[in-house]
1. With every protein chain in place, what's the accessible area of W211 (1.4 Å probe, Å², nearest 10)?
2. For segment 196-297, treating each Cα as an identical point scatterer without solvent, what Debye log10 I(q)/I(0) comes out at q = 0.18, 0.21, 0.22, 0.23 1/Å?
3. In the calculated pair distance distribution of segment 280-354, what percentage of Cα-Cα distances lie above 18 Å?
4. What part of the accessible area of the chain, given as a whole %, is carbon or sulfur when the probe is 1.4 angstrom?
5. Given H placed on each backbone N at 1.01 Å, which residues far from N259 in sequence or on other chains put an amide H within less than 5 Å of it?
6. Just want the answer: with Cβ charges of +1 for Lys and Arg and -1 for Asp and Glu, which residue in A453, A393, Q209 is farthest toward the dipole's positive end in the chain?
7. With helices defined as uninterrupted DSSP H runs, which ones in the chain have an alpha carbon span along their own long axis of at least 15 Å and mean Kyte-Doolittle hydropathy of at least -1.0?
8. Using the Karplus curve 6.51 cos²θ - 1.76 cosθ + 1.60 with θ = phi - 60°, what ³J(HN,Hα) values do you get for each residue of segment 268-273, in whole Hz, with x for Gly and Pro?
Amino acid sequence: MSLIRRASPLTALLLTLAAAAPALTPAVLTEARALRDRALADDTAYELVRSLTTEVGPRLAGTPGDAASVAWALRTLKSLGFQNVRAEPVTVPRWIRGDARAEIMAPWPQPLIVTSLGGSVGTPVGGIEAEVVPVTTFDDLKSMTRAQLEGRIVFFTFRMERSRDGAGYGKAAAARSRGAAEAAKLGAVGMVMRPAGTSTSRTPHTGAQRWSEGIPPIPAMALSNPDADLLEQQLASGNPVRLRLTSTARWDGEAQSANVVGEIPGDGRADEIVILGAHLDSWDLGTGAHDDATGVGIITAAAKLAGEAKPRPRRTIRVVFFANEEFGLSGARAYAAKHADAAERHVLGMESDLGAYQPFGLTARVAPDRLPLVRAMQSVVEPLGIDYLGTEASGGADLGPLRELGMPVMDLKTDAAPYFDLHHTANDTFDKVDPALVRANVAAYAALAYLAAQAEGGFGRLPKVEKPVGPAVAPAMPAQR
Ligand SMILES: [Zn+2]
């Protein structure tokens with residue numbers, strides 16, 4: 001199926017309106033459409049994904065792979081002709097996964113496939129053994145009593161719904177990020193969960209969790225979906241089900257990492273910045289292909305191609321590969337803190353962190369009087385299948401702190417259903433990346449970044465959020481038992 005669909009009458013009308021709008025000249029709109037089409041024939045991004053997954057692979061914060069990815073990023077951006085290429089230091093927590101095993105001891109002994117959640121502590125040598133108490137959702141835990149949980153292993157059974165907008169993820173991830181800490185408060189000795197992900201293979205989805213201050217941490221693991229099914233089948237017998245958990249996961253202090261930055265300098269308004277973000281780190285089970293090597297490749301190729309357009313971009317297009325998104329947004333916070341004084345000069349932000357799947361929509365959180373400009377920009381990417389879907393844009397996790405400082409953001413909506421089949425699993429590897437879909441994403445980001453760099457009058461500012469820089473999601477180092 002062609003990625004270009006025929007222009008609708010609405011598109012034609014919008015193109016006319018856009019041509020008449022003062023923010024974008026007809027020459028710029030024409031060039032943006034040509035840029036979009038050139039990007040559909042360019043495999044720079046796909047080759048970058050191949051390179052990062054093949055030559056670096058897993059790159060969990062603080063590991064040798066993380067350091068290798070920073071070196072890869074510096075030499076890659078330089079070799080592609082980016083300017084002001086630099087590593088901005090970021091301190092990251094270091095966590096070692098070790099081995100994790102789970103075994104049903106009764107009523108019918110069987111091994112289960114599990115992986116530790118990021119930040120989990122290990123078990124004593126020999127493991128822990130206890131009866132399993134099923135709880136559906138994180139919210140359901142609130143109605144449980146200490147008598148029900150003390151000395152037991154909590155099993156969160158909630159199944160993430162598979163959908164194009166990925167809305168089921170947040171609901172499932174609540175138990176992952178806070179379930180073990182809350183269960184520990186009620187005396188639980190361990191936590192296992194149906195994963196926050198939709199893989200039907202025996203591949204568990206890992207992800208970050210955090211601890212509550214002053215609560216001794218307990219081992220926390222994700223099952224694969226088929227293993228969660230198996231555990232539920234045994235529970236359905238009505239017999240008490242006992243599990244043994246064994247894990248050598250541990251924390252190992254802090255390490256130095258970096259945000260890697262490169263620029264296409266603007267021609268005339270170089271001090272104004274259009275920022276394109278992705279994250280350089282990944283979980284360690286796969287090679288972080290869709291999460292987020294594709295994002296790194298897409299924004300890099302998009303910026304490079306936009307920089308080659310004529311007339312040249314007036315504003316600077318800055319790509320930022322953020323450090324440690326997965327395990328506490330360390331890079332996002334460090335960037336916002338370092339560049340807080342320049343926040344006003346960040347005219348617009350976009351982030352690619354949902355893999356490389358079919359784009360279908362554009363949302364934009366900008367000053368309300370700048371929405372006609374957004375519609376003119378959307379008209380250029382509409383032939384890629386991208387509809388205007390309103391103002392509910394977040395800018396992604398890494399741009400959150402800048403958005404809170406007032407930076408307008410746009411989100412490219414892409415099909416999240418296949419993404420959450422392999423998100424944070426060992427299956428997130430290069431073979432799952434479709435070069436045609438990578439090109440479609442690059443085409444959208446290139447055209448949008450170019451138009452944002454040219455638009456007269458910019459996007460206004462958002463209301464500032466009155467709180468310290470960045471959401472408080474860093475996983476606190478657990479108190480030692
Ligand atoms: Zn990601």
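1. 20
2. Here the Debye-derived log intensity ratios amount to -1.14, -1.30, -1.34, -1.37.
3. Of the Cα pairs, 49 percent sit more than 18 Å apart.
4. Answer for the chain is 54 percent, counting heavy atoms of protein chains only.
5. When sequence neighbours closer than 5 places are left aside, the close amide H contacts are E88, V90, A323.
6. Looking along the dipole axis, the top candidate is A453.
7. On the way: long enough: 9-20 (17 Å, 1.93); 26-39 (20 Å, -0.27); 44-55 (16 Å, -0.17); 64-79 (23 Å, 0.12); 168-185 (26 Å, -0.51); 225-236 (16 Å, -0.63); 294-307 (19 Å, 1.26); 371-381 (16 Å, 1.23); 435-454 (28 Å, 1.02).
Membrane-span-like by this rule: 9-20, 26-39, 44-55, 64-79, 168-185, 225-236, 294-307, 371-381, 435-454.
8. Going residue by residue, I get x, 10, 5, 7, 9, 10 Hz, with x marking Gly and Pro.
The values are calculated or read from the model by the stated rules, or taken from the named source; none is laboratory data. Note that the structure is a prediction, hence the values are computed from the model and not measured. So basically every Cβ, Gly included, is an ideal-geometry build from the backbone, and we count neighbours across all protein chains shown. Just the protein is used for accessible areas: all its heavy atoms, side chains included, with ligands, DNA and RNA removed. Shrake-Rupley method; radii C 1.70, N 1.55, O 1.52, S 1.80 Å.
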